[in-house]
Structures are given as C-alpha cells and as structure tokens.
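Contents: one structure, followed by commentary.
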Ligand SMILES: Cc1cc2nc3c(=O)[nH]c(=O)nc-3n(C[C@H](O)[C@H](O)[C@H](O)COP(=O)(O)OP(=O)(O)OC[C@H]3O[C@@H](n4cnc5c(N)ncnc54)[C@H](O)[C@@H]3O)c2cc1C
C-alpha cells in the first residue's frame, strides 16, 4: 500500500495546480485521476481570465479573481520556461458588446462599481468599437475591460502536468476514488475500487463528480454539473484580437485563426452529448456578431461540465475531518481561480491558515 503526505483526488486544473505548489515545498504528493489529467472541465473551458467580464455588481469573489489573475503572469512565465510550451497568455482585454440601450443598462451597474474600485473601464461608441475591431457587425457599442486576459487552457494543463512530474508528483491514472477514509480522529487515506492508498492529508478536487465520493459521517459537498456547449471556428486570418463577449455568446481568439465560441449553461445532469440546438444557437450568435465568421470552417465542437455549488461560489478549505479539505465549485471561473486556490489550499496545509480571507467560501456553509 503506497503512502503519500497528500493525496489529491482529481487531476483537473485545481488538483494539478495544488499538486505543483505542494511538491515544490517538498511534500510527497499523489494525484489520483479516474481518466487522464485535464480532460474534463479544464479541457473544455475557453481559457478566459476575466475578473471584469464575469463580475456582477458586488460580486463576493471579485477580489479573489483579481488576486488570482495577478499570479498568472509569473505562473505562465515559469511554466513556459520549464516546459517550452507556448501557453497563449494574452492581455488584449475584453470588449463587452451591447446592441441597444437596454443591454447597456444591464451592464452599467457592474461597470460603474468596477470603475469605483479603480479599474479603468472605457465605454466605446459603435464607431470606436469598429475602429478597434473592424470585422465586428455595425452598430455595436462596447465596454472595454483592459484587465481581462486569456490563456490556452489545454496547453496550460499540459504544462502543469509536465511541471508536476518534474517536481516529483506521482500520477495514479485510470483509478477512481470511492471514499475518503478516516479513523474518527483524522484522515487515513482513500479507498479506490480495488485498493486503498494511505495519506496524512486528502484534498477533494474532483470537479463536478466530487459529490459521489463518500466520507463516513460527513455529508458530501453539494456540487452539481452545469453543462456548456462550445465550438471552434477557423479562418486563415484572426478576425479580431480582443476577447469578444455579449449577451448572446463569447468568442476567444487563439493564436492563428482559431476562435473558440461559447457557451451555454444547461442543467442536464452528467450528460455530455453535444446537441444540435445549442450548437446552432452559438453559430448564429457568432456570425451575427462577426459576419466574416460565416466563411470560417467549423473545426471542432464539444461540451464540458462546470462544477457548481448551490450558491455559485467556490467551496474551499478544511472539512470537519482533520486532514481532509476540498477545493470545489469553481463553476465558470476555475481556470482563472486555479493559482489562488492552490496558494490558499497549500498554505492551509503547510501553515494552518489561509493567506486570503475566505470565510464565506468554507465548506461548513453547507453544514458539512
Ligand atoms: C464550457 C466551459 C467553459 C469554461 N470557460 C472557462 C473560462 O473561460 N475561464 C475560466 O476560468 N473557467 C472556465 N470554465 C470553468 C472551468 O473550466 C472549471 O471551473 C475548472 O476547469 C474546474 O476545474 P476542476 O479541476 O475543479 O475540475 P475538472 O477539470 O473537471 O477536473 C476534475 C477531475 O477529477 C476527476 N475525477 C472525478 N471524480 C473522480 C474520482 N472519484 N476519482 C478520481 N478522479 C476523479 C475527473 O476525471 C477530472 O479530471 C469553463 C467550463 C466549461 C465547462
């Protein structure tokens, strides 16, 4: 029976980011992944790092999102240097489009709130918007959100896994954890389908599937999947440089002429099959916003399951069982929030306290 200081359940971006940090501090880490690392939500995502575009007025995680974004510059540089992979980390910002005064007014409270917090958000007339992005449709005004970034999340996952391996993280792949085991005093390890693995600490980062992992005497964290459809279009030349968002869709330009278009928000359980209706809706929205995309090639389509808690906020920190913590429910912002989540969880393990005030995100809010 192999033993670890820390076992991490789930090799998505949250699990791998934490594994990398802990291993860098000399902790013996095992990541147990039922498939291959980074093939679920962390693969399906668009890679937007968008504190501004995602924030509603007064968002309780706005500062956490901004703090995480601040960590990305150094993380991307370190990973690129370690692995030689191009992570497509880009800083052009987001254009948040509105078609009419009614749409503008729904965006305004958050924009004004963020300006009050010192973020230099600019409003652009339809003409100014077209000057910045000549291929967008006529008549669209925009808020320019200069702090938002993007990263190629699939390349990021590859780099994270490579970096983890280099730091000595052991990946146990094709293995499903069914239970976190404890002796009443504290965690003793995890139970798999055919074996047990001992560990002094266990972290559940199993994404949308986290609730299926049992722990005697502890109610599972109530995480549910929220399905999103996505597609990729390809043109010989990039049709725009900014991330483009509106009420209808978002479009994320990658290097070369690829554009990621997303996404739907569907309560469909664990069904990941792609459906014609949502994909058609995304294609129409993309073409309406940027007419030249009518000539692009449909290169790919897929779906993913966002891990969501009932209040839509992340669930971070220790549970009532000594040595067992969770990092779940990152919902629409798990790529963005991965670096700060890893810092918080690793500090908790190594020093017993969080570097960031996260009382509102503790798992105990659901009674566990
Ligand atoms: C369509 C879509 C678009 C998105 N766009 C963005 C975006 O632009 N920006 C952003 O910040 N976020 C985005 N997100 C959200 C982001 O992808 C997620 O919040 C994030 O990937 C969650 O990471 P995770 O590691 O918690 O989960 P996952 O990546 O799902 O990883 C969980 C892992 O746990 C494994 N696992 C599950 N159960 C077990 C078990 N019992 N035993 C062993 N292994 C197990 C799974 O196989 C999986 O690999 C998007 C999500 C979707 C679906």
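The values are calculated or read from the model by the stated rules, or taken from the named source; none is laboratory data. Model, not experiment: these values are computed from the prediction. For neighbour counting, all protein chains shown are included, and Cβ atoms are generated from backbone atoms with ideal geometry for every residue, glycine included.
Here are the numbers for the structure shown:
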read-out	value
Residues of the range 29-55 classified as more than 11 Å from the chain's Cα centre (by Cα) and part of a helix (DSSP H, G or I), total	4
Residue within the range 183-191 that is within 16 Å of the ligand (Cβ to nearest atom), in contact (Cβ under 8 Å) with a residue 40 or more places away in the chain and under 18 Å from the mean Cα position of the chain (by Cα) present	no
Out of 224, 200, 241, sole residue that is within 18 Å of the chain's Cα centre (by Cα), surrounded by fewer than 22 Cβ atoms within 10 Å (Cβ to Cβ) and away from the ligand (no atom under 11 Å from the Cβ)	224
Output for the range 185-215, where each listed residue is outside any helix (DSSP H, G or I) and out of contact with any strand residue (DSSP E or B) (no Cβ under 7 Å at 6 or more places or on another chain)	185, 186, 194, 195
Single unsatisfied condition, residue 59 versus (1) under 27 Å from residue 232 (Cα atoms); (2) part of a loop (DSSP other than H, G, I, E, B)	(1)
The range 156-169: number of residues that are more than 21 Å from the chain's Cα centre (by Cα) and either crowded, with 18+ Cβ neighbours inside 10 Å or touching a residue at least 60 places away in the same chain (Cβ under 8 Å) (or both)	4
Test: residue in the range 59-71 that is modelled with pLDDT of 95 or more and within 7 Å of the ligand (Cβ to nearest atom)	no
Selection from the range 219-240 of residues that are farther than 23 Å from residue 42 by Cα, in contact with a strand residue (DSSP E or B) (Cβ under 8 Å, 6 or more places away or on another chain) and touching a residue at least 24 places away in the same chain (Cβ under 8 Å)	235, 239, 240
Breaking point among (1) over 25 Å from residue 49 (Cβ atoms); (2) surrounded by fewer than 22 Cβ atoms within 10 Å (Cβ to Cβ); (3) modelled with pLDDT of 95 or more, for residue 319	(2)
Breaking point among (1) crowded, with 17+ Cβ neighbours inside 10 Å; (2) under 26 Å from residue 363 (Cα atoms); (3) within 12 Å of the ligand (Cβ to nearest atom); (4) not assigned by TED's automatic domain parsing to the domain that holds residue 278, for residue 172	(2)
Lone unmet requirement of (1) over 16 Å from residue 152 (Cβ atoms); (2) part of a loop (DSSP other than H, G, I, E, B); (3) more than 9 Å from the ligand (Cβ to nearest atom) for residue 88	(1)
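Yes/no matrix, rows are residues, columns are (1) away from the ligand (no atom under 13 Å from the Cβ); (2) crowded, with 24+ Cβ neighbours inside 10 Å; (3) under 20 Å from residue 355 (Cα atoms); (4) modelled with pLDDT under 95:
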site	(1), (2), (3), (4)
15	no, yes, yes, no
26	yes, no, yes, no
32	no, yes, no, no
41	no, yes, no, no
78	yes, no, no, no
94	no, yes, no, no
100	yes, no, no, no
